[in-house]
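See structure below.
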Amino acid sequence: MIQDLGFYLKLLSRRFPAMAALFMLCACIGVVIALRLPTVYSTQATLLVEAAQVPSDMVRATAQINTDEQLEVVQQRLMTRANLIDVARTNRVFPNQSEMNPDDIVSEMRRRTTVRRSTGRNKANLMIVRFEGPNPKKVADVVNQYVTIILEASNELRTGRAEGTLEFFEQEVETLSQSLDAQSAKIVNFKNKNSTALPESLDYRLSRQSLLQERLVRAERDLKSLESQSENIQRVYESTGNLVQTNAPQTAEQQRLNALQSDLNVALGVYSESHPRVKLLRTQIANLESQMASAVSSTSGDGDGGGGERATALEISLAEIEARAENLRNEIEDTTAELERLRLSIDQTPANRIALEAMERDQQNLQNLYSAAVTRLSQARMGERIELSAKGERITVLEPATVPTSPSGPNRPAIMAMGVGGGMALAGGLFVLLELLNTTIRRPADITRALNITPLATVPRFETLADRRRRRTMQLATLVVIIIAVPTSLWAVDTYYMPLDLLFEKVINRLT
């Protein structure tokens, strides 16, 4: 173990110049970058999402936006290309801005801008906007302009949704109102066109139909009675030559004859001619007429002086009966026509009821939609007033950006330490790499490992005092050259080619 340690110490002394060169290179690069990096100032503004000032159980705001969604939308609008270029040009963030293309401006603005959100249950909803740059006043101006853009975007987002909702429901109410008017006009036209067959007048038409049917039956019965009476008068006149005055008080036989005739008319409406009751009534009528004819013959005079007067009276009576019969026929005809019209309207009523109920149902649906739209329109107007008066949920500035008085970076000691640490790591890595690549035999252990034999003795390399001095002189000279050459080379690159900080940044960008 002690021999191995001594061996590696000798190797370290031999490889020290190369390791020192790497160490010096990295350390110098770290020191130069730490010294050359520009001073950076940063400031931030804190925004708070405040709850609505009007309780939601009293008036519900129209713009119902999730807080995370609202902050995400606001952030995306803030980081748009147009906003970033406008902010950079307004505040002249970059010294050589006129020479930069828009893509570089946007990329650099996004690199320097940090937006952080803090949301969660039972936590305040915050947004922190941060910007860094070499000029403290410009940094504060940029953050304040960011805040202005965020507030305008939030207000535009909420008021835009409220106004869009209001406009939508105004159009919806107008459309439903026109549809409702058109449906009402359609119902009115349908009722006017089918005024005689509407469901609401069905009961009246049914009762009217029953009344007309009774009137028709009564008129037909009276007509048959008049026809029978006319036949009886003619038969009596032909049999006896006398005229029974229709306007004189009827005798018991005449009343009975009329009653039998009425019973016969009713029976004929129910039974046929061969029915026993019909035959019985006709026999009774014939017998009663014979009795009345015999009674008239016995009481009448035997002169012929009144024959002409009786004939005239007969014509008058028959004309009177015919006039009454004609009126009854006209009444029957009118009643039959009206009954036919009632029948057709009653038959059309079920179809009209179905069509009318469908139209009224559509009208009721439109009315319900219209009422709901009017209610929502009122809520949309209230929500718009809430948003325009800034009484709803809004983003407010909790802490504005101020001009920083001390720089926030870079951390120069840390950068220097990173350079020194990187140089030591590279130097150690070079030592290990060279040792791994070197496969020559340099000590007894190498002989044993390579040839699998154990040497009895080894002859060490003899080094004279002059050789040792020469070797140390060369190491010292090499170290001096490294110490002088590395900083000189870095200075030359930094001065005549490209500043080391920019070169380092390009290398990092290329590697990443």
message: Applying a 10 Å radius around every beta-carbon, put 219-229, 343-353 in order of their mean neighbour count, most first.
response: 219-229, 343-353
task: Please order Met24, Met79 by the number of other Cβ within 10 Å, starting at the fewest.
output: Met79, Met24
- prompt: Contour minus end-to-end for Arg92 and Tyr497, with contour as 0.36 nm per residue of separation and end-to-end as the Cα-Cα distance?
  reply: 143.0 nm
message: Suppose the chain between Ser184 and Ala124 were pulled fully straight at 0.36 nm per residue; how much longer would it get relative to their current alpha carbon spacing?
response: 16.2 nm
- prompt: How large is ³J(HN,Hα) for each residue in the range 130-147, as worked out from phi by the Karplus curve 6.51 cos²θ - 1.76 cosθ + 1.60 (θ = phi - 60°), to whole Hz, x for Gly and Pro?
  reply: 10, 9, 10, x, x, 10, x, 5, 5, 4, 5, 5, 5, 5, 5, 5, 4, 4
field: Hypothetical label at Val403: residues of the range 24-46 whose amide nitrogen lies under 16 Å (7 Å Cα-Cβ projection)
entry: 41-44
- prompt: How many Å³ per residue does the convex hull of the Cα positions in the range 174-215 occupy?
  reply: 48 Å³
query: Around Ser408, which amide H atoms from residues at least 5 apart in sequence, or from another chain, sit under 5 Å from its own amide H, with H modelled in the peptide plane?
result: Val40, Tyr41, Ser42
query: How much length is gained if the chain between Asn155 and Arg324 is pulled fully straight, taking 0.36 nm per residue apart and subtracting their Cα-Cα distance, in nm to one decimal?
result: 51.5 nm
field: More than 21 angstrom apart: percent of Cα pairs within the range 325-441
entry: 80 percent
Semi-axes of the equivalent ellipsoid for the range 58-193, Cα gyration tensor, largest first, Å: 50, 19, 10
message: Test of understanding: ordering Met498, Met19 by Cβ neighbours within 10 Å, fewest first, what list do you get?
response: Met498, Met19
- prompt: If the convex hull of the alpha-carbon atoms of the range 162-233 is projected onto planes in all directions, what is the mean projected area in square nanometres?
  reply: 6.7 nm²
- request: Could you rank the peptides 159-172, 98-111 by their average count of other C-beta atoms within 10 Å per residue, with the highest value first?
  value: 159-172, 98-111
field: Virtual spin-label span in nm between Arg277 and Asp263, 7 Å along Cα→Cβ
entry: 1.0 nm
- request: Evaluate the distance, in nm, between pseudo-label points positioned 7 Å from the Cα of Glu72 and of Ser210 along their respective Cα→Cβ axes.
  value: 7.3 nm
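Values quoted throughout were computed directly from the atomic coordinates according to the rules given, and no laboratory measurement underlies them. Given the structure is predicted, the values throughout are model-derived calculations rather than measurements. No Cβ is skipped: glycine too gets one built from the backbone with ideal geometry, and neighbour counts run over all protein chains shown.
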